[in-house]
Amino acid sequence: MGNSNGDSGEVQQERQRNCDISNSWNKMKGITEENMPKECDSSTVELRARKNGFKDNVVEAAPTNGCLKNCTANTTQCATANGTACSNSNSNSKQSLYTPAKKLSEFAAEHTRKTSFEEVPLHTACLTYLGFYLLMILGYINQLLFVPKVAKEENREGYVTLYDAFESFYSRYVYRRVRDCWNRPICSVPGDEVTLKDRVTNDYGWSFQFTGTETRCLNLGSYNYLGFADATGPCAEQSEETAREMGLAMTSTRVELGTTQLHLDLESLTARYLGVEDAIVFGMGFATNALNLPSLISPGCLVLSDEKNHASIILGLRLSGATTKVFKHNNMRDLERVLRYNVVHGNSKNGGKPWKKILILVEGVFSMEGSIVRLPEIIALKKKYKAYLYLDEAHSIGAMGPHGGGAVDYFGADPKDIDILMGTFTKSFGSAGGYIAGSKRLIDFLRTNSHAHCYASSMSPPIAQQIYTSMSIIMGLDGTDTGRQKINQLARNTRYFRRRLAQMGVITYGHEDSPVVPMLVYLFSKIGAVVRTLTTRHIAVVGVGFPATPIMEGRIRYCLSAAHTKEQLDYALEVIDEISDRLGLKYSRKPREPNTIEY
Amino acid sequence: MVAIPYLFNEIERIFQNTPLYVIVLEGFLLLSVIWLLFVKRNGRGKRFSREEEEAIIANYEPEPLVANTNPNHPLLKTHLVQSKVGKRVVVDGNDCLNLATHNYLGLLEDKKILEDACNTLKKYGVGSCGPRGFYGTMDVHLDLEDRLAKFMGMEESVVYSYGFSTIASAIPAYAKRGDVVFADEMVNFSIQKGLDASRSTIYYYKHNDMADLERLLIEQQARDAKNPKKAAKTRRFLVAEGIYINTGEICPLPALVALRAKYKLRLFLDESISFGTLGKTGHGLTEHFNVELIEVDLIMAGMENSLATIGGFCVGSHFIVEHQRLSGLGYCFSASLPPLLTQAAISALDRFESEPQMFAELQQIARKVQEVFGKFSKLTLRANELSPVKHLYIAEQRANAEEECELLTKIANKCIAAGVAVIEARYLNNLEKHPIRQSMRVTVNRLLTDADIKHAYDVIERVSKEVL
Ligand SMILES: Cc1ncc(COP(=O)(O)O)c(C=O)c1O
């Protein structure tokens, strides 16, 4: 502390440089020098100045801090300019999919064309049900014949049993058969490849022992969309530096002694990244949904929630006490039907009084379906019926859109049309935590009402640093085009992989630009078979079955990453092709692309 | 019996004699009556024409998404921390003695733990990029679970990625709709949210008041006697905190255990503060009271206090804990704890085991602080003497909470300016189930010396005299 005079010149210089860099981000998003307000310069986020905020004494730290707090008006203006400019530019650029010029109906048709939810052949459907019931019957016989080896509750005789009978039956006799396909321990970075710790079971899945060997696999299972999961490189280095400087945790909440300049900078960078006025960050993505939704809605409000929404959203809605109506997955006609009915008829439990608020709750990319939200149509509906929109971009932020700005960026929508932008840092940013972004009014409200902000632990500094650095790289603030390359690589990998799978004749769900690729295998037992076989061929994938999906729709999920190379994908595709033949997974009856697919 | 064939004959005759169209018509009539009775009633109440609908839509004025926030709201004015939050901390430019963050054992400043965590970072990167089920389980997670279970001498433990969600997920994994939960009225906010999520019936008993708890239990017995069928399916739970963050008091575990056994309840204990602070070797409340572990069904704790990292865990028998791996929402549906923070917890446990005298030291300091801080002229102290969390209330109670809050904020700010970091405890008062009196929450750090405590006392005493 106290060496401020010495390097204030340096700081000045650095600010200048950072300003240049941030201008380049604005340019990237289509802001030209002329239409950017002058005040913007002073309030742009300084990439490295934050570091100085810690090292120098208060005199030096104060301006940064003061600027963030006092110049909110400037920031607001800047963000406004940013947002509108962004949408303008996108409407002119070729990359944008949805433009005002293009009619909504045309867009809708295009989205439908690019999205596929091919229906299962009837005989497979029957077999799947039969297979599942067979498994259940076998389970029951098993339970009758063999004394189950399960742990018993001790010292609680005469108590009401703790678990639901079906639930424990299901986990013991059905899930146990394929238990080895989940919770597999790894012992490496979850990067483009991952090292599995091999384990065996000698008692049909009741317990596992490590063999001491390891299997190196191509990683198609982790949510490492942009490849920021890395133990070396700028993110890891800066995180380490921050850990040494600030420690591993704050052992306090944000509103007590848990707010550092890093947290504030991360929040303003997130807001800028998304093109909105303000943002607030939390230490866990799950908690971001579960602990903020109750502050935003209350009994007397109506929530229209997509049927495939994530558990954290459902929990948040349950805690809020608002009325929830579920609409069919990504089905705009159903959404409009429910929306219209409820605006017209009001709250039937309350004598038809109008709903206090109506909130539409959707995700950007649905993690089990691989589909992309029909954002432009939802925005149109929301405006027509004066509803609010909450968009969970957990899987889309970073991974979608020409600038990695999520579904909003992908469609070239105006971020201000989405009232509440939520997302997590667990996936594309290779870190942990979540954010909510939107108008200053919204974020101020959350700062004073959010459960997580007031009661939960503040984000760990090295975790926050990882996000800050990776976000800067995505935005190009580091002065390189690494971020841009990663985004392009992911988009390319996605298209290639999905088209090759379609050509093979397996059924995949979702939109052709979504990096989450579910491949349908239907039968419960096939999930296990595919996951195990792929492991022997050194490919790690995720299988998903009942209860996470309908009984019918067991699937294998591939998550693509910018870290994958064409060679790696080719290898995976070759193996998938082979085992799909062997296990009979080529259910698709669509015509297949006859020509080779270019990368 | 003889009449039945006759009846059939008769019906047949009627049908033969009536023309077909009458039967069809009557059929229609019957159907429309059914439709009127059932479908119409369940269906939409009113019917609007297209124009009416459009008019209603045009006139619909929803409430604003959020209310306006007062720019002077106390929660908008947070302090800026500019250093590691160790025994000393730089707050808003003031180098302070830290009496505000929950780093009781001082492990946040431990070099060895930091080094281990950085090495893990260099091996695994920062994030885990997946939930536990989907390649988010790293060997460090299994290690930590193993170590925690062994440390506590229980069969199994499960690690979550956030302290708040640990507690808020563990409770509703067991307590469901129709169940009954008895909880202390002063339980922390994460327990309250866990109880909300369970949708069970909740009865709050007066803070640490066993007579009141027993009264509620007897009432429950009476309800059960009325409806034994339902009672046979109703699970009963008892939820308490080891040390209450809202009061600094310790829960009377032996009495709770006795009631638990008498009324056949299952006991869930939140040891977020007591883990690593109470007991000779830091095992928490059970060790402190010398209660058999089997008497407690589930111990839950955040790792954000004495372990000085992020996350939380539950520990108990295999039968109980394993269930959370499929039913703990925050466990299944969230990315696992970043490996470097997991390693920090393992290394902190190493220290627990290698330096068990830490806990006695901390308890000694807590006693000392209790003794010294009990003497403020304008503030009253509340806490158990062993608790590292203590509350200071304004001695002369003011008319309303806002006024007290303002005064406390003023004191805290002045203390910070004078080099002692204390902070008024922050709550969302309108959301707490029971009103909590505004206080300054003081935390005890093992590394404090007698001189530090004396200095802190002097500063707080001077400032509080100035302000009050
Ligand atoms: C849509 C959605 N929201 C929230 C989350 C939770 O995020 P986190 O893993 O950071 O807790 C997930 C993670 O799986 C998700 O898919």
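Nothing in this text is a laboratory measurement; each read-out follows from the coordinates by a stated rule. Owing to the predicted nature of the structure, the values given are computational and were not obtained by experimental measurement. Cβ coordinates were reconstructed from backbone atoms using ideal geometry, including for glycine residues, and neighbour counts include every protein chain displayed.
Side notes on the structure shown:
- Residue order, fewest to most beta carbons within 10 Å, for A:168, A:472, A:460: A:168, A:472, A:460
- Length gained on full extension, residue A:590 to residue A:140, computed as 0.36 nm times the residue gap minus the Cα-Cα distance: 158.1 nm.
- Partner chain coverage, peptide A:442-451 - average Cβ within 10 angstrom: 6
- Length released on extending from residue B:35 to residue B:449, taking residue separation times 0.36 nm less the Cα-Cα span: 140.8 nm
- The GluC sites (Glu not before Pro) found in region A:272-366 that occupy coil by DSSP, while having at most 13 further C-beta atoms within 10 Å, are A:307.
- Candidates B:208, B:281, B:34 compared by Cα position along the dipole of chain B: farthest toward the positive end lies B:34, with charges placed on Cβ.
- For the protein assembly as shown, with +1 on Lys and Arg beta carbons and -1 on Asp and Glu, the positive-most of B:24, A:539, B:90 along the dipole: B:24
- Here the calculated FRET efficiency for residue B:437 and residue B:115, from their Cβ-Cβ distance with R0 = 35 Å, stands at 0.25, rounded to the nearest 0.05.
- Percentage relative contact order, region A:362-452, counting C-alpha pairs under 8 Å, at least six apart: 22 percent
- Label point 7 Å beyond Cα of residue A:341 along Cβ direction - residues of region A:347-378 with amide nitrogen under 13 Å: A:347-348
- For region A:109-197, the list of chymotrypsin sites (Phe, Trp or Tyr not before Pro) that fall in a loop by DSSP and count at most 11 other C-beta atoms within 10 angstrom reads A:146.
- The loop-placed GluC sites (Glu not before Pro) in region B:287-369, going by DSSP, that have at most 10 neighbouring Cβ atoms within 10 Å of their Cβ come out as B:292.
- Approximate spin-label separation residue A:232-residue A:326, in nm, with each point projected 7 Å along Cα-to-Cβ: 4.8 nm
- The protein assembly as shown - charge dipole about Cα centre, Lys and Arg +1 at Cβ, Asp and Glu -1, debye rounded to 20: 2680 debye
- Across region A:129-138, rounded Karplus estimates of 3J(HN,Hα) from the backbone phi angles (6.51 cos²θ - 1.76 cosθ + 1.60, θ = phi - 60°) give 4, 4, x, 5, 5, 4, 4, 5, 5, 4 Hz, Gly and Pro being marked x.
- Taking all Cα pairs closer than 8 Å and separated by 6 or more residues, the relative contact order of chain B comes to 20 percent.
- Debye log10 I(q)/I(0) at q = 0.10, 0.14, 0.26 Å⁻¹ for region B:342-430, Cα point scatterers: -0.39, -0.69, -1.29
- Average other protein chain Cβ within 10 Å of Cβ, residues B:161-172: 5
- Estimated at 0.36 nm per residue, the fully extended path between residue A:167 and residue A:551 surpasses their Cα-Cα distance by 136.8 nm.
- A dipole drawn for the protein assembly as shown from +1 and -1 charges on Cβ atoms has a positive end, and of B:323, A:401, A:348 the residue lying farthest that way is A:348.
- Among the residues of B:325-337, the average count of other protein chain beta-carbon atoms within 10 Å of the residue beta-carbon is 6.
- Based on C-alpha pairs under 8 angstrom that are at least 6 apart in sequence, region A:278-361 has a relative contact order of 33 percent.
- Point-to-point label distance, residue B:318-residue A:112, nm (Cα→Cβ direction, 7 Å offset): 5.5 nm
- Bins of 10 Å, starting at 0 and running to the largest distance - Cα pair percent for the protein assembly as shown: 2, 10, 19, 23, 21, 14, 7, 2, 1, 1, 0, 0
- A protection proxy built from the mean count of other Cβ atoms within 10 Å ranks the segments B:409-420, B:79-90, most packed first, as B:79-90, B:409-420.
- Dipole magnitude for chain B: about 680 debye, using +1 per Lys or Arg Cβ and -1 per Asp or Glu Cβ, origin at the Cα centre.
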